[in-house]
1. Hey, any hits in the stretch 123-132 for a residue that's modelled with pLDDT of 85 or more, surrounded by 12 or more Cβ atoms within 10 Å (Cβ to Cβ) and not aliphatic (A, V, I, L, M)?
2. Does at least one position in the stretch 252-270 carry a residue that is at pLDDT 95 or above, in a strand (DSSP E or B) and more than 30 Å from Met114 (Cβ to Cβ)?
3. Only one residue in Glu47, Glu77 is touching a Phe, Trp or Tyr at 6+ places or on another chain (Cβ under 8 Å), in a helix (DSSP H, G or I) and not assigned by TED's automatic domain parsing to the domain that holds Glu337. Which one?
4. Restricting to the stretch 301-328, name every residue that is polar (S, T, N, Q) and out of contact with any helix residue (DSSP H, G or I) (no Cβ under 8 Å at 6 or more places or on another chain).
5. Given the options Tyr39, Tyr29, Tyr6, name the one that is part of a helix (DSSP H, G or I), of a type outside the set (Val, Ile, Thr), surrounded by 14 or more Cβ atoms within 10 Å (Cβ to Cβ) and not assigned by TED's automatic domain parsing to the domain that holds Ile186.
6. Restricting attention to the stretch 303-328, report how many residues are within 22 Å of Ser285 (Cβ to Cβ) and not in a helix (DSSP H, G or I).
7. What residue, of Ser225, Ser212, is polar (S, T, N, Q) and touching a residue at least 60 places away in the same chain (Cβ under 8 Å)?
8. Could you tell me which of the residues His207, His259 is touching a Ser or Thr at 6+ places or on another chain (Cβ under 8 Å) and either of a type in the set (Asp, Glu) or buried (at least 19 other Cβ atoms within 10 Å of the Cβ) (or both)?
Amino acid sequence: MSGNIYILTDGANTKIGCTISLDKRLSAYSTHNPNFSTYKAYECSIEEAKRIEGVIKFYFKDKLSGPSKEWFSVPPEEIDKIVAVLLEPSTEQAIIPAMHGVTIPRDIYDLKEMLLAALAKQDLAAFARKRSKSDEIHQLKNQFAELFARSLQLGTPEHKLPPDIVKKDYLGLDLYHCDKNSEIAIMAIKNQRFQLPHDDHIINFFHLVRLSSGSYIAICTSRVSMPYLRAIAGKNTVILEAAGNLGLYAFNYDEWSWHSPDETGLFLYMHKTPVKKRLSLWAGSFRKWVIERSKLLAQQRVGNKNDQETYLKTIETICEDTTFPLHVRSAEEFFDEYMEPFWGFAWNDEDLHFMQHSYDYLFEQWRTMQ
């Protein structure tokens, strides 16, 4: 998601901030501080802007001034110099095996022969035999999935997840790289699911996020779709465009397809945000904190009956929203960067008072425990 990092001045003091709507943010400042001026603003991803803002605030924490503790007694040139360095593109890219492919292991050819033989022998006329051979086919396909996951470093296939999983998040769009104006992206957020063109025979792969209790959340980090080759002939461009609108890579690995070898192809879908970065965001996220304490938080009483119902619904929504932005630090930021662009719910909408109060209360509880 695109955004800005900005540097403001007010006399001898300097402020740094980030936003997805620069004009709106600066206009809001004008209402309560007409003396400020904009020193400089940079365009970058909102995720990168958040990272840089955090670095600057930590670096100059001993130079905070004023009762609001938002301004620094530092010349703007000094802050700008550091921001410019931090914005320099890294020469190190997050290269993963899926980007270049891997040598197909010898085991694959043996598995393929066994799977084709098992499929050929399947006797639809005899229920008992059909059941037996279906179990064999199922086991062979699971072995295929495990070998594919190991070879391309995809994480854990769904059938191999440990039993102490308290929640599974299936693959959603990549909020930081999607086209937020595309219909498929908007519907993916509102429906909490998406279907890419010609999706078929889907297999999911996960990474684990450990909770403070020792249990785990399983985060889907890649998804395989194995449509029939005849169905996708000449359709690659359509598939790639749809995946791109969702912020996903779409890698073609037909030679690995195991649903019906030689008849089905294979597309591997992955977030453009690297897995390592996603797991890092998860580790310190507001959403993880709410999931860990969801039943405890639900025992708290806030306001009247309507307030309480909205509060409980808010907890449930946060837990179930697979596209919830993991970098946000306040309710206002959550509304500005997620609720308003995708749902049309603005922070200053008086009709949403109950909802705003619930989010504000939960974020405040979270911040006090950081």
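The values are calculated or read from the model by the stated rules, or taken from the named source; none is laboratory data. Bear in mind the structure is a predicted one, so any value in this text is a computation, not a measurement. So basically every Cβ, Gly included, is an ideal-geometry build from the backbone, and we count neighbours across all protein chains shown.
1. Kept after step one, since they are modelled with pLDDT of 85 or more, are these residues of the stretch 123-132: none.
Checking the stretch 123-132: not a single residue is modelled with pLDDT of 85 or more, surrounded by 12 or more Cβ atoms within 10 Å (Cβ to Cβ) and not aliphatic (A, V, I, L, M).
2. No, the stretch 252-270 contains no residue that is at pLDDT 95 or above, in a strand (DSSP E or B) and more than 30 Å from Met114 (Cβ to Cβ).
3. Working: Glu77 fails: touching a Phe, Trp or Tyr at 6+ places or on another chain (Cβ under 8 Å).
Selected residue: Glu47, the only one of Glu47, Glu77 that is touching a Phe, Trp or Tyr at 6+ places or on another chain (Cβ under 8 Å), in a helix (DSSP H, G or I) and not assigned by TED's automatic domain parsing to the domain that holds Glu337.
4. From the stretch 301-328, those polar (S, T, N, Q) are 304, 306, 308, 310, 314, 317, 322-323; that's our starting set.
Selection gives Asn304, Gln308, Thr317, Thr322.
5. On the way: Tyr39 fails: part of a helix (DSSP H, G or I); Tyr6 fails: part of a helix (DSSP H, G or I).
Selected residue: Tyr29, the only one of Tyr39, Tyr29, Tyr6 that is part of a helix (DSSP H, G or I), of a type outside the set (Val, Ile, Thr), surrounded by 14 or more Cβ atoms within 10 Å (Cβ to Cβ) and not assigned by TED's automatic domain parsing to the domain that holds Ile186.
6. Result for the stretch 303-328: 8.
7. On the way: Ser225 fails: touching a residue at least 60 places away in the same chain (Cβ under 8 Å).
The unique qualifying residue is Ser212.
8. On the way: His259 fails: touching a Ser or Thr at 6+ places or on another chain (Cβ under 8 Å).
Unique residue meeting the criteria: His207.
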